[in-house]
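Inspection log for the structure reproduced underneath, given as structure tokens.
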Amino acid sequence: MAEAGTGFLEQLKSCIVWSWTYLWTLWFFIMLFLVYILRVPLKINDNLTTVSMFLNTLTPKFYVALTGTSSLISGLILIFEWWYFRKYGTSFIEQVSVSHLRPLLGGVDSSAPSAASAAGGDADSGRQSVSECKVWRNPLNLFRGAEYNRYTWVTGREPLTYYDMNLSAQDHQTFFTCDTDHLRPADAIMQKAWRERNPQARISAAHEALELNECATAYILLAEEEATTIVEAEKLFKQALKAGEGCYRRSQQLQHHGAQYEAQHRRDTNVLVYIKRRLAMCARKLGRTREAVKMMRDLMKEFPLLSMFNIHENLLEALLELQAYADVQAVLAKYDDISLPKSATICYTAALLKARAVSDKFSPEAASRRGLSTAEMNAVEAIHRAVEFNPHVPKYLLEMKSLILPPEHILKRGDSEAIAYAFFHLQHWKRVEGALNLLHCTWEGTFRMIPYPLEKGHLFYPYPICTETADRELLPSFHEVSVYPKKELPFFILFTAGLCSFTAMLALLTHQFPELMGVFAKAFLSTLFAPLNFVMEKVESILPSSLWHQLTRI
């Protein structure tokens with residue numbers, strides 16, 4: 001009985017909802033009927049006659065001015081819509097309609113997750129999408145003083161955005177400070193220095209801290225921001241290493257004495273790992289690649305749990321420079337695992353190794369005649385896998401888009417990650433004969449396998465929709481952000497473009513041929529209202545002429 005009562009209530013509720021959904025149609029027809037009934041007391045026919053007489057007295061100049069003004073206004077709306085779409089990737093009118101008008105009209109946001117999907121598998125993909133939109137520290141980020149600032153001095157452009165530098169400041173405060181810094185004067189000064197927005201204030205604070213004590217984090221700041229060459233930065237990092245190793249040994253002995261000592265040891269560990277990693281990067285930039293590889297391997301053995309620094313990506317790039325492809329494959333075998341997070345470096349390096357086996361003899365004409373061999377098929381599948389993970393990379397590797405300096409933070413599967421990867425790995429693809437040719441012939445085939453990348457992926461989760469917004473924050477304004485999938489022009493841009501063109505054409509024709517356009521307008525209006533007049537005549541023939549008189553008597 002209870003189930004039957006519940007089912008009846010649900011059916012009743014659905015009927016009420018359905019009736020309210022279509023009630024506006026009934027209301028519309030009732031209003032039309034009332035207007036027809038009240039046409040005599042409201043003098044609708046007389047008013048229409050007056051309006052038509054007024055319109056007949058207007059000269060062609062009025063219509064030229066009307067259509068010209070309409071064209072001007074629609075043109076201004078078109079220009080604003082186009083600018084807003086280029087800057088923010090969406091239509092202003094559509095955004096206002098969805099954000100403000102739809103709630104007033106009782107609409108429901110289709111993007112809001114339902115209770116059922118939150119309880120099912122859709123929640124997992126949602127969480128994955130959020131994690132993929134997380135901003136990560138670029139493991140191959142450049143030095144501010146020796147590289148980013150030199151670019152600014154030469155070009156006058158800022159390669160880093162405020163959002164990117166603010167994220168770096170947060171990273172420095174997380175890795176290089178702890179709760180006990182106020183007990184040591186030098187560390188207390190550096191704690192304030194990492195929060196400073198002004199670079200000169202940070203550098204001055206670092207010098208002040210060094211006057212009090214040999215402070216490892218002060219040397220790090222000077223190496224990153226004050227040193228103008230890699231050689232100077234390496235010297236400062238060696239001094240930081242000497243100070244950092246002493247702090248690490250002391251805190252290692254006291255780490256089990258309490259929570260404060262454990263936090264201090266964690267900070268000293270982060271500082272030491274950062275210094276050694278940057279020293280290895282200095283050696284790589286100065287041409288001592290084998291030394292850099294040894295330092296990275298030793299660092300990964302000494303601190304195997306600190307995967308947040310992604311040192312294996314630095315190691316892969318250095319091994320590719322040495323053309324030690326067997327060692328690269330060994331590193332990939334460890335880190336290209338289904339349980340570990342992927343990156344463009346992992347996917348595209350795996351594709352490069354498989355392409356290397358067949359690219360020197362690959363010919364698209366021969367492949368179309370005889371078909372792909374097993375090795376070629378594996379290489380193509382690896383390229384498709386890499387392109388699905390990050391579809392922005394091929395345009396940079398094939399030099400279809402110009403490269404800029406990579407940011408200090410990247411968004412996985414986004415344009416920022418593509419720039420960071422191509423900036424360092426383009427030379428390795430060029431070194432493998434035929435690899436770029438194979439990539440050029442096959443990379444676009446990926447999109448045939450994933451026709452709806454935002455809804456369903458092939459080997460990875462659907463492509464996140466948040467990459468464009470985050471990349472616009474991470475990348476400088478002079479760079480044209482790569483957008484995937486390509487967005488079609490919004491309806492309102494096309495509509496305003498058509499309206500502007502149509503009204504401009506009407507204004508021109510009315511100005512040149514006023515009499516002919518007047519005849520055309522009258523013919524058009526008479527044709528437009530012919531069905532309405534026909535319906536009115538039929539209604540008048542069906543209903544008695546004295547209906548209104550009878551209704552008033554009732």
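When Asp187, Asp164, Asp179 are checked against the criterion of being touching a Pro at 6+ places or on another chain (Cβ under 8 Å) and of a type in the set (Asp, Glu), Asp164 stands alone in meeting it.
In the set (1) in the same structural domain as Arg267 (by the TED database); (2) surrounded by 15 or more Cβ atoms within 10 Å (Cβ to Cβ); (3) charged (D, E, K, R), Arg137 fails one condition alone, (1).
Scan the stretch 327-362 for residues that are touching an Asp or Glu at 6+ places or on another chain (Cβ under 7 Å) and either under 21 Å from Val135 (Cα atoms) or open to solvent by 80 Å² or more (accessible area, probe 1.4 Å) (or both) and jot them down.
Correct list: Ser343, Ala344, Thr345, Ile346, Asp360.
If the condition is being assigned to a helix (DSSP H, G or I), free of Cβ contacts under 8 Å to residues at least 60 places away in the same chain and open to solvent by less than 80 Å² (accessible area, probe 1.4 Å), then the stretch 149-175 contributes Thr152, Thr155, Asn166, Ala169, Asp171, His172, Gln173.
Meeting the requirement of 1 or more residues that are over 26 Å from Gln427 (Cα atoms), in contact with a Gly (Cβ under 6 Å, 6 or more places away or on another chain) and open to solvent by less than 20 Å² (accessible area, probe 1.4 Å), the helices (runs of 4 or more DSSP H) wholly within the stretch 229-325 are 259-285.
For the stretch 368-387, the criterion of a residue being open to solvent by 10 Å² or more (accessible area, probe 1.4 Å) and under 26 Å from Asn141 (Cα atoms) is satisfied by at least one position. The set of residues in the stretch 206-225 being assigned to a helix (DSSP H, G or I) and in contact with a Pro (Cβ under 9 Å, 6 or more places away or on another chain) consists of Ala209, Leu212, Glu225.
When the stretch 392-422 is limited to residues that are of a type in the set (Gly, Ala, Ser) and within 17 Å of the chain's Cα centre (by Cα), the one that is farthest from Pro464 (Cα to Cα) turns out to be Ala420.
Where helices (runs of 4 or more DSSP H) sit wholly within the stretch 347-406, those with at least 3 residues that are closer than 11 Å to Trp429 by Cβ and in contact (Cβ under 8 Å) with a residue 40 or more places away in the chain occupy 393-397.
Cβ-Cβ contacts under 7 Å between residues 6 or more apart (or on different chains), taken from a first residue in the stretch 62-74 that is farther than 13 Å from Gly498 by Cα to a second residue that is in a helix (DSSP H, G or I) and of a type outside the set (A, V, I, L, M, F, W, C), are listed as Tyr63/Thr510; Val64/Thr510; Val64/His511; Thr67/Thr503; Thr67/Thr510.
The values are calculated or read from the model by the stated rules, or taken from the named source; none is laboratory data. Keep in mind that what you see is a predicted model, and the values were worked out from it rather than measured. Cβ atoms come from the backbone with ideal geometry, glycine included; neighbour counts cover every protein chain shown. Accessible surface is based on the protein model in full, side chains and every heavy atom, while ligands, DNA and RNA are left aside. Shrake-Rupley method; radii C 1.70, N 1.55, O 1.52, S 1.80 Å.
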